[in-house]
Amino acid sequence: MKALILEDDDLVSELLETVVAGIYPGALVKVAGSLGEAFELVSGNAFDLFIADWNLPDGAGLELVKKVRKSNSDVPIVMVSARSDRDSVLKAAHHGIDGYMTKPFDVQQLHQRLVKLLQPSQDTVPEVSALLKSSLEGIIQLPTDVDPADILELIRRQDELSPSQLAERWREEASITARLMDVANSTSFRRTGKPVESLRDSISSMGVGLALNQVLALSLDVSGKLKHEVLKGLAKRHYDDALQVAKKAQGLAIKLKKQPVSLQKAALLSRLGELAVLKVLNDFLAIGGSLDASEAEQLVRTWAQSYGNRLKVQWRLPLRVRELIGAVHFLPVDCTQEDRIIMRAAAMLAGGEKASEECQRLLRRLGMDTEEPIRD
């Protein structure tokens, strides 16, 4: 299943993409922000669905409809537009569209309209490897209420943000508020003996950087959104692994009198690939596929690196962050960068490998007493 969305509004295109993916898990969705870009995509690809906006920076989406209909009279095409007048609807209908949705549109109505057009079938289930390969080519979205990409964008701008600004942004987000107030009222932050009673004060007490990392951690917890117990268990395990590496990295950084925020962030992102693969496997089971626990684990091991690399690009992670994430899994013997050494040592400590020769060597290179306990 391949779909092309022609829409220059990022928020609308993301919403449309989410609706299509919800109807047809594993769909490969291409998004074009201009008519010219859409024409290029059509010239080299065959699509099973088109969703086109009317007004675009370089022309009318109706031109795409005309082009597609010259060679394919059957493929479903839906127009979305702020135009609701009868003449516009009739003009679009004249060129053979299958649906017309006016903006702002009702998401449930859009979902129902597309279900009728796509008629997703439970009878034909793709090979799981084919689904993983095709999903890797599109936009990868983790199934969480808080979008990690949005939090990473805030992290990039954290020097410009104040606790009041973040509190205002998140004031309707119950899960974020609960998370930050819980952390702020934990032993580490309860310095005055009085509970923190507002979201703004919670953020102030821990600092913007750490608050953003806490919300990033929340955004990466996909286990509650997976419907199959085997996958939920794997997601919980990989998520907890990332949390443990973050705690150890924070502890090492504090002991070495370094700022821990960037190291903690990289550690939280160190299981991106595994979580993304589990999301696709959940889609596979939702459309009638079957997997046992050992198959699921093997697929996660096989595909995690590819999905992790894809998300690093999709989320525009800086090279330094990518290097820190990579160090969690592997570190060249001749590496001399202290932050990367910390990340590898944190991963080994989190995995219970403190007594190993490699971990002892890394701790010595950091100038640390290998017998002294390291607090999180």
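Values for this structure:
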{"read-out": "Cubic angstrom per residue, convex hull over Cα atoms of region 85-237", "value": "205 Å³"}
{"read-out": "Dimensionless Rg over Rh [region 249-376; C-alpha; Kirkwood]", "value": "1.05"}
{"read-out": "Relative packing of peptides 131-143, 79-91 - highest average C-beta neighbours within 10 Å first", "value": "131-143, 79-91"}
{"read-out": "Shape category assigned to region 1-75 from the gyration tensor of Cα positions, a/c cut at 1.5", "value": "oblate"}
{"read-out": "Protein accessible area in region 245-320, 1.4 Å probe - carbon and sulfur %", "value": "50 percent"}
{"read-out": "Alpha-carbon spread of region 31-151, three principal axes, descending order, Å", "value": "45, 35, 29"}
{"read-out": "Sulfur and carbon atoms: percent of accessible area, region 50-147 [1.4 Å]", "value": "47 percent"}
{"read-out": "Label selected from (1) 114, 58, 39; (2) 78, 45, 36; (3) 61, 51, 42, the criterion being Cα extents along the principal axes in Å as computed here", "value": "(2)"}
{"read-out": "Gain in span if fully extended, Phe330 to Leu256, counting 0.36 nm per residue against the direct Cα distance", "value": "24.5 nm"}
{"read-out": "Model label zone, His94; criterion: amide N under 11 Å from point 7 Å along Cα-to-beta-carbon; scope region 44-82", "value": "none"}
{"read-out": "Average accessible surface area per residue within the chain, 1.4 Å rolling probe, Å²", "value": "50 Å²"}
{"read-out": "Extension gain (nm, one decimal) between Arg316 and Glu357, 0.36 nm per residue minus Cα-Cα", "value": "11.2 nm"}
{"read-out": "Residue-span extension gain [Ser34 to Lys70] - 0.36 nm each, minus C-alpha spacing", "value": "11.0 nm"}
{"read-out": "Two-site label geometry, Ala178 and Ser134: point separation in nm, points 7 Å out along Cα→Cβ", "value": "3.7 nm"}
{"read-out": "Per-peptide average of other Cβ atoms within 10 Å, ordering 295-303, 259-267, 60-68 highest first", "value": "259-267, 60-68, 295-303"}
{"read-out": "FRET efficiency for Leu117 and Asp150, using Cβ-Cβ distance with R0 set to 35 Å, rounded to 0.05", "value": "0.70"}
{"read-out": "In region 306-376, chymotrypsin sites (Phe, Trp or Tyr not before Pro) in a DSSP loop with at most 10 other beta-carbon atoms within 10 Å", "value": "Phe330"}
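The values are calculated or read from the model by the stated rules, or taken from the named source; none is laboratory data. Since the model is a prediction, treat every value here as computed from it, not as a measurement. Because the Cβ atoms are built from the backbone with ideal geometry, glycine has one as well, and the counts that use them run over all protein chains shown. Accessible surface areas use protein heavy atoms only, side chains included; no ligands, DNA or RNA. Shrake-Rupley method; radii C 1.70, N 1.55, O 1.52, S 1.80 Å.
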